Structures are given as C-alpha cells and as structure tokens.
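Report on the structure given below.
FYI, it's all coordinate maths here, none of it is from the lab. Note that the coordinates shown come from a computational prediction; the quantities given were computed from them, not determined experimentally. Note: ideal-geometry Cβ built from the backbone for every residue, glycine included; neighbour counts use all protein chains shown.
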Amino acid sequence: MAALRISRVEARPLDLALSEPFAIATGALLAANNVLVTVTLEGGSLGLGEAAPFPAVSGETQASSLAALRALAPLVEGRLATEWRALAEALARSVPSEPAARAGLEMAIVDALTRALGVPLAALYGGAGQPLATDVTITAGDSEHARRSAESFARRGFRTLKIKVGAASAGDDAERVAEVHGAAPDARLVLDANGGYDEAAALELLRLLERRQVPIALFEQPIPRGDPRALAALRRLSTVPLCADESARSAQDVLELVALGAVDAINVKVMKTGLVEALAIIEIAKAARLGLMIGGMVESEIAMLHSAHLASGLGGFTEVDLDTPLFLERGPTVEGYPLDRDRLVLDLGQSGIGRTLA
C-alpha cells in the first residue's frame with residue numbers, strides 16, 4: 001500500500017489560447033486561464049488533473065484556484081490515494097467556495113490511482129461502456145456568427161448544436177436560433193441561457209420559436225440560480241424540457257429541484273461541484289429518473305476526457321456537452337482530443353487516460 005501513498009501535489013498555471021471568445025449570457029472568456037494539477041504517488045505513478053475556473057459563472061479565478069491548491073496539498077500528501085472519497089470530503093470542508101480547484105485535485109488523485117493499479121478509469125466508475133457523441137456550442141453573438149458556426153459544425157458531422165442565448169432579447173435570440181435551424185435543418189437544437197432571462201423572456205423565446213416551427217430538444221438554465229420554485233413554475237408552462245446547470249451546484253440543490261419537480265434534466269459538471277459531489281448528484285438524478293447531461297467549463301482534453309470516462313463508465317447520460325477542447329488553439333497534450341466527427345473515441349481498457357504533456 002505504500003506505493004499508493006500520495007507523495008507530492010503540484011499546481012501550475014495552464015494558459016490556453018482560444019480560437020474565439022467563449023461567450024455566454026453572463027460574460028465571456030477570451031482565454032482559458034486554467035491550472036494543471038499533478039499528483040505523484042510513492043510508487044512513481046503520476047496523475048493529471050485540471051482546474052478550469054470560469055469567473056463569470058462562479059467567481060473563481062486562476063489565482064484563487066492556485067491559492068486553494070496550495071492550501072489543499074498538505075491535506076492529501078501522505079495519505080493513500082485509495083482514500084479518494086474521504087479526501088474529497090476533507091477538501092470540501094477546507095475550501096468550499098473553490099470547486100474547480102477541488103475537482104482538479106480529485107481528478108489527479110484518481111488518475112494516479114488507476115495508473116498505479118492498472119485499472120481503466122471508466123471501469124473504476126462502473127464500466128458501463130456507454131458510447132458518447134458530443135454536441136458543439138454556438139457561442140453568444142450575432143445571427144451571422146450563429147449561421148456560419150452552424151454551417152461549419154454541420155459539415156464537420158456534429159448532430160446536436162447547443163446555442164448560447166440570454167445575452168440579448170428574446171426576439172433577437174429567436175432570430176439567431178432560427179438562423180441556426182435554417183443553416184443546419186437536420187441538427188438537434190439545445191438552448192442554454194446560463195440564467196440570462198427572466199420567466200417572461202424565457203417563455204417569449206419559446207413562443208417565438210414555436211411560431212417559426214423551430215424544434216428545440218432541451219432548454220438549459222433559462223432563469224438565474226436561486227429560485228427553484230420559479231424554475232418549477234416555468235417548467236409547468238414550458239413546451240420544452242428544462243435542464244438545470246447553475247441551479248444544480250450541489251447534491252442538496254438537486255434534492256430540492258427533485259422535490260419541487262422543477263426540471264427534467266441535470267447538467268453534471270465536475271468543475272462546479274468537485275468529483276465526489278458530482279457522483280452524488282448523478283445518483284440522485286438517476287433515482288429521480290431525470291435526464292443527465294455531462295458537461296464542463298472551458299476545459300482542455302485533460303479534464304474533458306476525465307469527465308468522458310466518468311460518463312461512459314457510469315452510463316445513463318442522455319446529453320453530452322464535452323466540446324470545449326475544440327475552442328482551444330492548441331491543447332496541452334501530445335495526443336489531443338480524440339474525436340471522430342462528433343463521436344468521442346475512448347480507450348476504455350486503458351488505465352489513466354494516457355495523456356502525455358506537450
């Protein structure tokens with residue numbers, strides 16, 4: 001067991017240029033200023049993780065993630081990687097407001113453990129082997145940008161387009177969504193407002209799109225976090241299934257959403273909750289027969305592939321939103337992001353994820 005003891009935790013900035021700003025209703029990232037986390041075990045196994053703070057969503061920054069990781073390192077050094085669930089609870093108590101940092105460290109511990117044991121990462125999470133095909137995001141912008149993006153992504157083989165809305169009026173957003181539908185009429189469309197509307201504007205958008213005969217498969221986080229009863233009321237009036245993202249930042253949040261019948265699906269992001277808390281959220285959502293989306297912040301292939309192996313191993317995900325490596329000018333690994341059109345090509349028999357830092 002000594003070989004599985006954590007000997008060192010290291011964190012350093014991971015600055016990644018974007019091919020275009022990643023714009024949502026509440027703000028935009030011009031670059032991904034993330035953190036690379038490495039965990040070394042006494043037996044020599046090295047695990048990789050990534051913290052991807054998104055200031056406009058959670059208020060976390062690269063600086064706050066680095067500071068949190070410096071504070072967390074002494075809590076795990078000297079402990080066994082096999083205690084990863086118990087360690088996650090200690091991390092959450094220590095820095096509850098820094099989930100991205102906790103997620104990066106939890107990922108690195110689990111990655112190191114699976115490499116040391118020779119156990120596939122997806123097998124650790126259950127071994128279901130669900131194949132994954134991701135959507136791709138059309139970021140907030142004007143109608144011309146939306147149309148060009150839709151045409152490009154459709155040519156590249158993406159069958160589901162996730163359109164960021166909520167930064168403009170319902171009327172302007174309806175125009176953008178209609179442009180996307182016209183440019184890619186066979187694509188399945190998901191809307192994501194990141195809490196950018198009030199209830200009236202959200203319903204107006206759906207009404208306008210229905211009038212234009214634009215089919216919508218799912219509407220994610222139409223109104224701001226903090227009022228689950230309002231979300232439940234909106235769901236009763238909505239003609240489209242609703243998904244919670246910002247409103248589902250903990251297992252307790254999801255329990256409340258379930259009790260109120262507020263949503264049809266939950267977007268699970270390891271980066272907004274930490275890894276072990278995300279597993280609890282998944283269990284609750286499955287028990288309540290809610291749809292599951294696996295998503296992330298603006299992450300490189302390091303964090304995105306960990307989430308992909310988690311989703312494939314657990315199974316039961318109805319939506320896959322693991323596209324942000326496509327927005328990077330260059331990823332941090334030699335292998336890059338393994339996509340065949342919209343399908344993630346995962347080696348489910350490999351321990352760790354097999355990433356080699358560039």
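For the chain, relative contact order (Cα pairs under 8 Å, six or more residues apart, normalised by length) works out to 20 percent. In terms of the mean number of neighbouring beta-carbon atoms within 10 Å, the peptides 106-112, 249-255 order highest first as 106-112, 249-255.
Charge tally for Leu124 (other residues, Cβ to Cβ under 15 Å; Lys, Arg +1; Asp, Glu -1): -2.
Given that compact globular proteins tend to follow 2.2 N^0.38 Å, what is the ratio of the alpha-carbon Rg of the chain to that value? Rg over 2.2 N^0.38 Å, computed on Cα atoms: 0.96.
Within the shell defined by Cβ-Cβ distances under 11 Å, the residues around Leu14 carry a net charge of -2, with Lys and Arg each +1 and Asp and Glu each -1. The lysines whose alpha-carbon is closer than 17 Å to the alpha-carbon of Lys286, local same-chain residues fewer than 8 away aside, are Lys269.
Dividing the mean sequence gap of close Cα pairs (under 8 Å, 6+ apart) by how many residues region 2-119 holds gives a relative contact order of 32 percent. Summing charges over all other residues whose Cβ lies under 12 Å from the Cβ of Arg188, with Lys and Arg as +1 and Asp and Glu as -1, gives -2. Placing +1 on the Cβ of every Lys and Arg and -1 on the Cβ of every Asp and Glu, with no other charges, gives region 2-119 a dipole of roughly 280 debye about its Cα centre. For the peptides 213-225, 58-70, 269-281, residues were scored by their other Cβ atoms within 10 Å and the scores averaged per peptide; the highest-first order is 269-281, 213-225, 58-70. Apply the a/c threshold of 1.5 to the C-alpha gyration tensor of region 302-358 and tell me whether it is rounded, prolate or oblate. Oblate.
The Gln213 and Asp347 beta-carbon pair, evaluated with R₀ = 41 Å, returns a calculated FRET efficiency of approximately 0.45.
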